[in-house]
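Below is one structure, written out as structure tokens, with a few remarks after it.
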Amino acid sequence: MARRAGTESYPARLRKSAHRARIALRKSGVDYFRGDGSDWIALAGLLLTVPAITCATLFDPVWCSPAALVLPIVAGGLLLRPASLLGLYATAATALIVESLALGPYEEGPARVTPGIVLVVAACGFFGLVLAQFRARVGVPWRRGGTMLFDLRERIRVQSALPRLPQGWHREMALRPAGGQSFSGDFVVAARTNGGRTLEAVLTDVSGKGMDAGSRALLLSGAFGGLLGSLPPHGFLPAANGYLLRQDWDEGFATSIHLVLDLESGDYELFSAGHPPALQLHSGSGRWEEKVAEGPLLGVYDGAQFDAVKGSLAPGDVLMLFTDGLVEASDRDIAEGMDRLTGEADRYVVTGFEGAAWHLIEACAKDVNDDRALLLLSRRS
């Protein structure tokens, strides 16, 4: 029995050791990708390429020019820290000296180490060192920089996700940043409160557009998401206004519209902070009605008051909330843009509004150089 236990425990110990080694290898790979690990692997690889390029240049300088040394230098500027980069530069400089001595003076013919080649290699090294110092100061290496931006974009998208609604309701949202960028100053935060009976949704347009407003939109979306549902409906915009004032941004204002919808009765309240009015389609008459709530911009002055406008969504009714980029442009005013929006929306009255939000933005404001967002809610018949 003791021998059998020892025989059985050996494979178990072997599996545990292999598992620990695999976890350690994976962790080191993840740390290197994120920029948290050492760069000695990249440094060793680049240091080995320098003599390889030097040997190839000495063997056939016509096909492997001395200028090929810029390849490890450029790669080092992207991969290495400043201290490691200086070691790579010293190795490359030594390789240039060796090539110059072995190939002879540049006046004797082509494929020599010319002053122009030295200047090109030195310029690439200078710019690579500047980039490495900038990354070291910011603390975000290039391997992690793109991933971090992707994470920020996905976080804004997740925070703008609309909650599921009970049967008989349809909701959708479309967002188009300015200039085809990935970041937008328009965002939505939404939650079901009051035990799931109430839908609260806030559509906000931060001053600026695209990448410039994306960081502020991320900060505000997190703050507004925390406030939503934690305060009574009439207290949300005053609290958001106070939060924005405390940030003391140079360009710190925003417009916002806050919807509070009872999912059982269809009754709703709208609170607005300088935002374009909402549009409601009455299925009985087939007409669109503007729902205008009064309130100043967020972040302008303290003690602002926001008065609500009330309404009700009957079966077949539709409510649209949108930002000014969808209905306002330099060559038209907001009234003309809203007429165009309602005209395009009439096309979906018969077929239903599923998937209509994205198509409405395409039809009304496809080439507008501004962030555009549309939130659409409909109560099925």
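The values are calculated or read from the model by the stated rules, or taken from the named source; none is laboratory data. Predicted, not measured: the structure shown is a model, and the values here were computed from it. Every residue, glycine among them, receives a Cβ derived from its backbone with ideal geometry; neighbour counts consider all protein chains shown. Each accessible area value is taken on the protein alone, full model and side chains, heavy atoms only, with ligands, DNA and RNA left out. Shrake-Rupley method; radii C 1.70, N 1.55, O 1.52, S 1.80 Å.
Points to keep in mind about this one:
- Count of the range 114-158 residues which are in contact with a helix residue (DSSP H, G or I) (Cβ under 6 Å, 6 or more places away or on another chain), open to solvent by less than 60 Å² (accessible area, probe 1.4 Å), of a type outside the set (A, V, I, L, M, F, W, C) and at pLDDT 70 or above: 3
- When the range 197-252 is limited to residues that are under 27 Å from Gly168 (Cα atoms) and open to solvent by less than 20 Å² (accessible area, probe 1.4 Å), the one that is modelled with the lowest pLDDT turns out to be Leu228.
- When Glu269 is tested against (1) within 20 Å of Ala335 (Cβ to Cβ); (2) assigned to a strand (DSSP E or B), exactly one condition is not met: (1).
- Applying the condition of being open to solvent by 50 Å² or more (accessible area, probe 1.4 Å) and in a helix (DSSP H, G or I) to the range 50-75 and asking which residue is nearest to Ile117 (Cα to Cα) yields Leu71.
- If the condition is being surrounded by 21 or more Cβ atoms within 10 Å (Cβ to Cβ) and among the charged types (D, E, K, R), then the range 325-381 contributes Asp370, Asp371, Arg372.
- Residue within the range 302-315 that is open to solvent by 70 Å² or more (accessible area, probe 1.4 Å), of a type in the set (Asp, Glu) and within 22 Å of Gln167 (Cβ to Cβ) present: no
- Residues of the range 92-113 that turn out to be surrounded by fewer than 17 Cβ atoms within 10 Å (Cβ to Cβ) and of a type in the set (S, T, N, Q), as a count: 1
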